[in-house]
1. Quick check on Lys87: is it over 15 Å from the mean Cα position of the chain (by Cα), away from ligand 2 (no atom under 16 Å from the Cβ), surrounded by fewer than 22 Cβ atoms within 10 Å (Cβ to Cβ) and part of a loop (DSSP other than H, G, I, E, B)?
2. So, Asp242, is that one within 13 Å of ligand 1 (Cβ to nearest atom) and surrounded by 15 or more Cβ atoms within 10 Å (Cβ to Cβ) or not?
3. When you check Glu309 against the structure, is it within 16 Å of ligand 2 (Cβ to nearest atom) and of a type in the set (D, E, K, R), yes or no?
4. Restricting the stretch 245-276 to residues that are over 27 Å from Lys204 (Cβ atoms), surrounded by fewer than 21 Cβ atoms within 10 Å (Cβ to Cβ) and within 13 Å of ligand 1 (Cβ to nearest atom), which is farthest from the chain's Cα centre (by Cα)?
5. Of the numbered conditions (1) more than 16 Å from ligand 1 (Cβ to nearest atom); (2) buried (at least 24 other Cβ atoms within 10 Å of the Cβ), Arg199 fails exactly one; give the number of that condition.
6. Does Ala143 satisfy the criteria of being part of a helix (DSSP H, G or I), modelled with pLDDT of 95 or more and farther than 23 Å from Met261 by Cα?
7. All but one of (1) under 30 Å from Thr108 (Cβ atoms); (2) surrounded by fewer than 24 Cβ atoms within 10 Å (Cβ to Cβ); (3) among the hydroxyl-bearing types (Ser, Thr, Tyr) hold for Ser190, so report the exception by its number.
Amino acid sequence: MMSFTHPAPLALLLTLAFSACTRSPNVSAAEPAPQAAPVASPAPAALPHVDGQRALQYTREVVALGPRYPGSPGHAKTEAYLRRQLKADNLQEDTFTATTPAGHLRMTNFIAKFPGSKDGIIVVAGHYETLYERKDFVGANDAGSSTGLLLELAHQLRGRKLDGYSVWLAWFDGEEAIRQWSESDSIYGSKHLAAKWQRDGTLKKIKAFLLLDMVGDADLNIDRDANSTPWLEDVIYKAAADLGHQGHFFARSLPMEDDHMPFARVGVPVADLIDFNYGPNNSYWHSPQDTLDKLSPQSFQIVGSVVLETIRLLNQG
Ligand code: 1BN
Ligand code: ZN
């Protein structure tokens, strides 16, 4: 049985020692199957180890479905793909009708729940849809990367007994503006889910909300978001430093408006892990150049392992 409760150096050693057995033998061929991670004897189950190649493979498969803006064929295919990948994961679908400048649009958030022994929830989220009516934009990094990395986190958490807080993974719809980014025209999915979780009491149980966006850039520099919760960013930085990845974190600080804001506004501790410098002067952002060749498995591995280490630290505190 894996545990998040080992001291960091031991956890790291065991992670490294067992990392070979956590890899799927053939992740570059067919769509990775949504199987439970092995838990049976004789070998003890490995600690979760993020496989950057597999995260990139999930991303590749999502990108291959085409532009995935609400109402597009690629969006419907992505919904079906997420359902297939997450069918073993207590998947909840949150479908709603968004009122947008283009009229009423049907949107769906997906939430996969991995129960823990401790009272409280850590949410890790990202968005999966792409820019509205942009047929020239496949969004490999924005936000194929977070879609793929969240699927790899699900792969790691699947079938494990979590000793700490429950971990809920969320794939948001409707992050991008339909016409022009504003408070009313953006982040439709996260606004909807935060309001729903406020009504049903879920928000009170959330200990931390970690947002992933644009995390696959080969030139990885995660910004420190001035709208996020400082103590939670400090935990993330400690996690990064403990793993030797601090050089990729928080060299620059800037305020980000993104899917974490509806949760921040109602008092949930939040952190937006975003690399908002994508290509020369951020020129690949929202451009047809946001393609798979700009991404690296190492970046997925770094961000994913920092997320898991952050969860382990939060469980200790
Ligand atoms: C991030 C990726 N965002 C959209 N796609 C949020 C954002 C909105 C970033 C406006 C900068 C400006
Ligand atoms: Zn975007």
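The values are calculated or read from the model by the stated rules, or taken from the named source; none is laboratory data. These numbers were taken from a predicted model, which means no experiment stands behind them. Positions of Cβ are backbone-derived with ideal geometry, glycine not excepted, and every protein chain shown enters the neighbour counts.
1. So Lys87 passes the test.
2. Spelling it out, it is not the case that Asp242 is within 13 Å of ligand 1 (Cβ to nearest atom) and surrounded by 15 or more Cβ atoms within 10 Å (Cβ to Cβ).
3. So Glu309 does not fit the description; no.
4. Taking the candidates together, the pick is Leu254.
5. Every listed condition holds for Arg199 apart from (2).
6. Here the answer is no, as Ala143 does not meet what is asked.
7. It fails just one condition, (2).
Yes/no per residue for (1) within 16 Å of ligand 2 (Cβ to nearest atom); (2) more than 17 Å from the chain's Cα centre (by Cα):
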site	(1), (2)
Val138	yes, yes
Gln156	no, no
Arg160	no, yes
Ile178	yes, yes
Asp200	no, yes
